[in-house]
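Notes for the one structure printed next.
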Amino acid sequence: MLKILKYSFYDLIRSRWSYVYFLFYLALGFVLLFLNNDLSKAIITLMNVIIVLVPLIGTIFGVMYFYNSKEFTELLLAQPLKRSSIFLGQYFGVAGSLTLSLVLGLGIPFMLYGLFKSDAIWNFSLLLVTGAFLTLIFTALAFNIALSNENKIKGFGYAVLLWLFMAVIYDGLFLMSLIVFEEYPLDTFSLTATMFNPIDLSRTLILLKLDISALLGYTGAIFKRFFGTHTGLVVSVSVLLLWTVLPVWRLSAKAKRKDF
């Protein structure tokens, strides 16, 4: 698996799209720090970009890489290699290259700005960890979608629909539910609904750490009241870890059963 991971990682690192992804975050970091001297405000702005853009990039890259390397994958399947090693190696190669572009692209401008001398370093570190989780989660979901659909058009369509649902539609349905059932106790429902969406959960995690959960309104108040700041962070990270493990486990199980 390590050899396949290394090949996939270097293959994507040499791709021009990886450089574009890296340069985008590099430019974004420098622009935000140039326009705003407050690191906390810059981190909040970055959060709004990352929680939407990172899942989209992870989803698109995951589907694209799977379909573009299909012939190479079939060649590997003819060799005495474990199927799970092949697909997990490719997955970690894609997710690792995207995570590296994100971390370096945002890390370089903030380090040059003097992040180590600021108390905001922990908030910024949490932002990068959250971005890494979202990359791992949505890349794994993209691989699952591509593995389950031979048709490229269907695969791309389902992948974009997944991102659209998680990033936009889910929040609309959630808010509509709160409005329609406002006369009922919705504390447990709000907590559960937030945990079923890694994007919303990531936003909650960052805002809890920044101690501005009031910006989340009803959901943020519930999280802080039920879990508190520190317990809420632990619960959020644990659920994000579960969101990462389950798609990876399904990817490995699906690869073993699929007839290529």
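In table form, for the structure just shown:
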item	result
Share of carbon and sulfur in the accessible heavy-atom surface of the chain [1.4 Å probe, %]	69
Assigned charges on the beta-carbon of Lys, Arg, Asp, Glu; region 1-139 dipole about Cα centre (debye)	280
Where labels lie 7 Å past Cα in the beta-carbon direction, separation of residue 35 and residue 165 in nm	3.4
Contact order relative to length of the chain, as percent, for alpha carbon pairs under 8 angstrom and 6 or more apart	27
Rounded, prolate or oblate (a/c below 1.5 giving rounded, otherwise prolate when a/b exceeds b/c) for the chain by Cα gyration tensor	oblate
Computed lengthening from residue 78 to residue 246, 0.36 nm per intervening residue step minus Cα-Cα distance	57.8 nm
Distance in nm between pseudo-label sites at residue 10 and residue 45 (7 Å out along the Cβ direction from Cα)	3.9
Violating pairs (Cα-Cα greater than 23 angstrom) within the set 154/258; 3/154; 6/82	3/154
Mean Kyte hydropathy of 1.6 or more with a Cα span along the axis of at least 27 Å, helices from DSSP in the chain	16-35, 39-68, 121-148
Contour minus Cα-Cα distance for residue 196 and residue 3 (0.36 nm per residue)	66.1 nm
Inter-label distance for residue 189 and residue 152, nm, one decimal - labels placed 7 Å from Cα along Cα-to-Cβ	4.4
Extension reserve of the residue 180-residue 121 stretch, reckoned as 0.36 nm per residue once the Cα distance is removed	17.2 nm
Probe 1.4 Å, accessible area per residue of region 2-257, Å²	50
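The values are calculated or read from the model by the stated rules, or taken from the named source; none is laboratory data. Just so you know, these numbers come straight off a predicted model, no measurement behind them. Neighbour counts are summed over all protein chains in view; Cβ atoms, including those assigned to glycine, are modelled from backbone coordinates with ideal geometry. These area figures cover heavy atoms from the full protein model, side chains too; ligands, DNA and RNA do not enter into them. Shrake-Rupley method; radii C 1.70, N 1.55, O 1.52, S 1.80 Å.
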